[in-house]
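Asker: Here you go, one structure.
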Amino acid sequence: MLIRALLLCLALALPAQAEQVVAGLSQTRVSITTNFAGSEILIFGAVKREAPLPEGTPLNVVVTVAGPSTPVTVRRKARRLGIWVNTDAVEIASAPSFYAVASTAPLELALSQAEDDRHKVSIPKAIHAAGTDAATAEFTEALIRIRRNTDLYQMLPYAVSLREETLFRTSIALPANLHEGDYTTRIFLTRGGAVVDSYETTIGVRKVGLERWVYTLAHQHPLIYGLLSLAIAIAAGWGASAIFRMVRG
Amino acid sequence: MQIYLPIAEVSVNAFLLLGLGGMVGVLSGMFGVGGGFLMTPLLFFIGIPPAVAVATEANQIVASSFSGVLAHLRRKTVDFKMGTVLLVGGLIGAGAGVALFNMLREMGQVDLLVKLCYVLFLGVIGALMFVESLRAIRQTRSGKPVPKRKQRGWIHALPFKMKFRTSGLYLSVIPPLVVGAAVGVLAAIMGVGGGFIMVPAMIYILGMPTKVVVGTSLFQIIFVTAFTTLLHATTNYTVDMGLALLLLIGGVVGAQIGTQIGLKMKAEQLRILLALMVLAVCGKLALDLLLEPAELYSLGTGGH
């Protein structure tokens, strides 16, 4: 909250721009509980301007939500001795675990190539592959395809609604198989493909309650966790046997 | 009802897991096997990461075999001495199996190894059991007595002999150690208790009487799978307590129902059904390896 207030102060202190984005989120925390089945984040805001509405090119809004980035190994299968086995592998240096781009128009129209390169907005730009050769490109494409099929990567043209070039809103669906971490949310205002203003904030996705406790125990005290798992198994096995004997008389 | 699994980091339907546990439990109660060989591929199928499925399944088998061994203890059909010798071999095998599993995981070939193990063992065991039970059915139809098994000479020529009173055997400790170690390796790699390999090996290789085989096998499986669970939990952090709990609740209930169904059927009929089921799982996995997959690429966690 404090950071956001500071950011806002900072934004206000900057030399007055023609158009500025003022934004809000329906929630800045997502709690992964035991019955977590995905979450929907509403991102909304307004365009603040000192001067009258500029003529000519229309205003576009691009919203991105990115999960924490991790290295990913992409493997390819090929037929060896009649069976399909993993043969080639490419290490992608860093790829977001979740990435959604919503915009008022198709991204190619809303954002120029140069601005995409600078701000890394489109899905391929958000992935940082170490190599630039053709093979790496093929593996990166496969990574995007697999994650798009499971809704971990989302391209959402026309998903941002903009009214009177002033009020905008969009909702991003976070899937149920979400990983923990800070999810960076960015909002870009563009005119004629050029970024006029941008805003950045984070959504904290955390396991809470029982999920948090189990995860922490498993990673910090693996031996206790393992023994506890065994104790549960033994108790359940004994319980089943005892109940069954009771039922049979 | 969706449940988010804390270690697997996927959200699955709780009733689906209870149902899967129950279904496999019914089969394991009917046939006297742990059911791991069916459960682990089913878990892969519903989207549980293979490493988590294998480790968690080992934990679930602890529960079902403990429940089973209690029943056998009351009937005094557990050979503790033989069980302990098998166990020593089993622990060595499990340690080697987890090390092998981790090595192959880094090479990206763990899925292949697990699947190949399944196809090979399920195919061989299924085929042998199918042929054997067909023969048994034919013999009971024609009314001929079942021929007595021949004792193999070379097993008895080995040194370090030991008396196993409950089994009524005077045998070298080497064969049970080797059998135990082989099953231990499989338990770690495949996430199975190994009952479907251990039971035939005890009958046909060690020549143990059938009535003590299941109890003794279950006795040593508890310790081997418990050890495997601990190794996976401390080295890979892949045991999912939530997943194990849901599976074992379904499993122990299903096993009781399965036992009741099993009591009403003939032994040969049961064995032939089990053989067919084993062969069906084997066929499905073999097809996956032989046919061109729809998606040639797969993702793994980065780093080493």
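Asker: Report, by residue number, each residue of segment A:62-81 that is within 7 Å of chain B (Cβ to nearest Cβ), over 30 Å from residue A:187 (Cβ atoms) and out of contact with any Phe, Trp or Tyr (no Cβ under 9 Å at 6 or more places or on another chain).
Answerer: Selection gives A:73 alone.
Asker: Say whether the condition of being in contact with a Ser or Thr (Cβ under 7 Å, 6 or more places away or on another chain), part of a loop (DSSP other than H, G, I, E, B) and closer than 30 Å to residue A:44 by Cβ is met by at least one residue in segment A:91-104.
Answerer: Yes, segment A:91-104 contains a residue that is in contact with a Ser or Thr (Cβ under 7 Å, 6 or more places away or on another chain), part of a loop (DSSP other than H, G, I, E, B) and closer than 30 Å to residue A:44 by Cβ.
Asker: Scan segment A:131-183 for residues that are within 14 Å of chain B (Cβ to nearest Cβ), under 30 Å from residue A:206 (Cβ atoms) and either out of contact with any strand residue (DSSP E or B) (no Cβ under 6 Å at 6 or more places or on another chain) or not charged (D, E, K, R) (or both) and report the count.
Answerer: Selection size over segment A:131-183: 19.
Asker: Look at residue A:71 and say whether it is in a loop (DSSP other than H, G, I, E, B) and either at pLDDT 85 or above or farther than 26 Å from residue A:205 by Cβ (or both).
Answerer: So residue A:71 fails the test.
Asker: So for segment B:283-290 (the condition being under 17 Å from the mean Cα position of the chain (by Cα), surrounded by 15 or more Cβ atoms within 10 Å (Cβ to Cβ) and at pLDDT 75 or above), does at least one residue qualify?
Answerer: Yes, the conditions are met somewhere in segment B:283-290.
Asker: Hey, another quick one. What residue, among those in segment B:114-127 that are surrounded by fewer than 18 Cβ atoms within 10 Å (Cβ to Cβ) and modelled with pLDDT under 85, is nearest to the other protein chains (Cβ to nearest Cβ)?
Answerer: So, considering only residues that are surrounded by fewer than 18 Cβ atoms within 10 Å (Cβ to Cβ) and modelled with pLDDT under 85, the one nearest to the other protein chains (Cβ to nearest Cβ) is B:116.
Asker: Collect the residues in segment A:50-108 that are touching a residue at least 24 places away in the same chain (Cβ under 8 Å), among the charged types (D, E, K, R) and closer than 30 Å to residue A:23 by Cα, keeping them in residue-number order.
Answerer: Answer for segment A:50-108, where residues must be touching a residue at least 24 places away in the same chain (Cβ under 8 Å), among the charged types (D, E, K, R) and closer than 30 Å to residue A:23 by Cα: just A:50.
Asker: If you don't mind, another one. Restricting attention to segment B:178-224, which residues are in contact (Cβ under 8 Å) with a residue 60 or more places away in the chain, closer than 19 Å to residue B:81 by Cα and of a type in the set (Val, Ile, Thr)?
Answerer: B:178, B:179, B:183, B:199, B:212, B:214, B:216, B:221, B:222, B:224
Asker: Can I ask one more? For residue B:31, state whether it is in contact (Cβ under 8 Å) with a residue 12 or more places away in the chain, more than 9 Å from every other protein chain (Cβ to nearest Cβ) and not charged (D, E, K, R).
Answerer: yes
Asker: Of all the residues that make up segment B:8-38, how many are in contact with a helix residue (DSSP H, G or I) (Cβ under 8 Å, 6 or more places away or on another chain) and at pLDDT below 85?
Answerer: Looking only at that region, the number is 16.
Asker: Next question. Among the residues of segment B:154-175, how many are part of a helix (DSSP H, G or I) and at pLDDT below 75?
Answerer: Selection size over segment B:154-175: 3.
Asker: Another question, if that's okay. Filter segment A:16-65 down to residues that are in a loop (DSSP other than H, G, I, E, B) and either under 30 Å from residue A:212 (Cα atoms) or in contact with a His (Cβ under 8 Å, 6 or more places away or on another chain) (or both), then give me how many there are.
Answerer: Summing the residues that are in a loop (DSSP other than H, G, I, E, B) and either under 30 Å from residue A:212 (Cα atoms) or in contact with a His (Cβ under 8 Å, 6 or more places away or on another chain) (or both) in segment A:16-65 gives 9.
Asker: Is one or more of the residues making up segment A:115-133 of a type in the set (A, V, I, L, M, F, W, C), part of a helix (DSSP H, G or I) and surrounded by fewer than 18 Cβ atoms within 10 Å (Cβ to Cβ)?
Answerer: no
Asker: Tally time: how many residues in segment A:184-236 are more than 7 Å from chain B (Cβ to nearest Cβ), touching a strand residue (DSSP E or B) at 6+ places or on another chain (Cβ under 6 Å) and over 25 Å from residue A:64 (Cβ atoms)?
Answerer: Selection size over segment A:184-236: 1.
Asker: Are any of the residues in segment B:227-247 more than 9 Å from chain A (Cβ to nearest Cβ), within 30 Å of residue B:135 (Cβ to Cβ) and touching a residue at least 40 places away in the same chain (Cβ under 8 Å)?
Answerer: Checking segment B:227-247: not a single residue is more than 9 Å from chain A (Cβ to nearest Cβ), within 30 Å of residue B:135 (Cβ to Cβ) and touching a residue at least 40 places away in the same chain (Cβ under 8 Å).
Asker: May I pose another question? Only residues that are of a type in the set (A, V, I, L, M), assigned to a strand (DSSP E or B) and at the interface with chain A (Cβ under 7 Å from one of its Cβ atoms): list them for segment B:1-15, please.
Answerer: B:3
The values are calculated or read from the model by the stated rules, or taken from the named source; none is laboratory data. Everything numeric in this text was worked out from a predicted model, so none of it was measured. No Cβ is skipped: glycine too gets one built from the backbone with ideal geometry, and neighbour counts run over all protein chains shown.
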